[in-house]
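We did not get these values from a lab; they are worked out from the coordinates using the rules stated. These figures come from a predicted structure and were not determined experimentally. Don't worry about glycine lacking a Cβ; one is built from the backbone with ideal geometry, like all the others, and counts go over all protein chains shown.
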Amino acid sequence: MTEPDDAAARRAVPPVICYPNDTLPQPDLPLYAAARAGAAKVAEVLVPPRDAATFRAPAGHFFRITSVDGPQVGDLNLWNANDLTERFYSGKTRALHGTHIGVGERMWSSLPSLRPMATITADSLGWYGIDGFGGAVHDVIGTRCDPYTGNLLAGGQYHHCCHSNLTRALADEAGLPLHEAEPHVHDVLNVFMCTGFTRNTGQYFMKASPVRLGDYLEFFAEIDLLGALSACPGGDCSAQHSSDVAACYPLLIEVFAPAAGALEGWHSPARNGYDRSHGRGA
């Protein structure tokens, strides 16, 4: 393949941000912080290693994911608690905020609703930033480990990858058979996972998560949420995932309710305002 004479000039064309986000509606973080200060814990769920569990966080509540035993990453799915067809949209979240998300950024829902589902309000790993390899924590680029890719690449039938864990958890919570629950499982927020893309081949990589005992990521529920969290079989993802070799630990989910009146003036976001006519009349 012959390189064109103007190859350097083509490579030097500056990039353009696809979705400038300065017009996005901004969360009222001071209001959320004040509400959180007086909130009381109303529920908790311990997610076992190499398994998943569900939880519910009503609109206006907070939920926190904590590493409570050892370094562990988690794969998070979110749904509208009243409508499973509205679910977390990792691709649009990535397009709006970037490959990894942090405090003040949001998990957006699928089309046609496209509204904030949850806002990150606290992150004990916020200090990590982007390391020398291009790695960062809490990514929206990985899809979740799954048995189909495992079978494709290595053969075998491994059942405790995050996709299967989430499928079982949702099936049990929603009273659905596995084959009906599975299509609702979707690309995740990789909580605590440290990931990036290699600079020479552009491949998705993982490395040992910086998460340690007591580290947490906390969210504000913008709508009524049903969540499912898988404690990944890769543990801290320092070597491999979808196996029984890595050391794995539980993750704790806690839900907190603000005091009455603490969120005065706040309203759960409405569904997206596009009229859905798609050019054929309203």
(message) Under a Cβ-only charge scheme (Lys and Arg +1, Asp and Glu -1), can you give me the dipole magnitude of the chain about the Cα centre, in debye to the nearest 20?
(response) 300 debye
(request) Enumerate the amide H contacts of E105 below 5 Å, restricted to partners 5 or more residues apart or on another chain; note that Pro and chain-start residues carry no placed amide H. (result) I120
(message) Nearest 500 deg cm²/dmol is fine: what mean residue ellipticity at 222 nm does the chain get from its DSSP H runs of n ≥ 4 alone, each adding -39,500 (n - 2.57), divided by its residue count?
(response) -4500 deg cm²/dmol
(request) Can you check what the Kirkwood hydrodynamic radius comes to for region 141-276, Cα pairs only, in Å to one decimal? (result) 17.7 Å
(request) Measure of size requested: the Rg and Dmax of region 1-52, with Cα atoms as the atom set and Å as the unit; please supply both. (result) 24.7, 66
(request) Take the alpha carbon gyration tensor of the chain, find the square roots of its eigenvalues, order them as a ≥ b ≥ c, and report rounded if a/c is under 1.5; if not, report prolate when a/b exceeds b/c, else oblate. (result) rounded
(message) Using only the alpha-carbon atoms, what does region 54-136 span along each of its principal axes? Please give whole angstrom values in decreasing order.
(response) 40, 31, 19
(message) When a/c reaches 1.5 or more, the comparison of a/b and b/c decides; with that in mind, is region 236-282 rounded, prolate or oblate per its Cα gyration tensor?
(response) oblate
(message) Give me the net charge for the shell around E222: Cβ to Cβ below 9 angstrom, other residues only, Lys and Arg +1, Asp and Glu -1.
(response) +2
(message) If amide hydrogens are placed 1.01 Å from N in the peptide plane, which non-local residues have theirs closer than 5 Å to the one on F205?
(response) G196, F197, T198
(message) In the chain, if the dipole is taken from +1 on Lys/Arg beta carbons and -1 on Asp/Glu beta carbons about the Cα centre, which of G175, A37, G279 is farthest to the positive end?
(response) G279
(message) Along each principal axis of its Cα atoms, how long is region 1-126 end to end? Whole angstroms, biggest number first, please.
(response) 65, 36, 31
(request) Mind putting a number on the dipole of region 161-280 about its Cα centre? Charges go on the C-beta only, +1 for Lys and Arg and -1 for Asp and Glu, and I need it in Debye to the nearest 20. (result) 520 debye
(request) List the residues whose amide H sits under 5 Å from the amide H of H100, counting only those 5 or more places along or on another chain, with H placed 1.01 Å from N in the peptide plane. (result) V140
(request) Please get the size of the charge dipole for region 93-154, origin at its Cα centre, with Cβ charges of +1 on Lys and Arg and -1 on Asp and Glu, quoted in debye to the nearest 20. (result) 240 debye
(message) For the chain, which cysteines have no second Cys with its Cβ under 4.7 Å from theirs?
(response) C18, C162, C194, C232, C237, C248
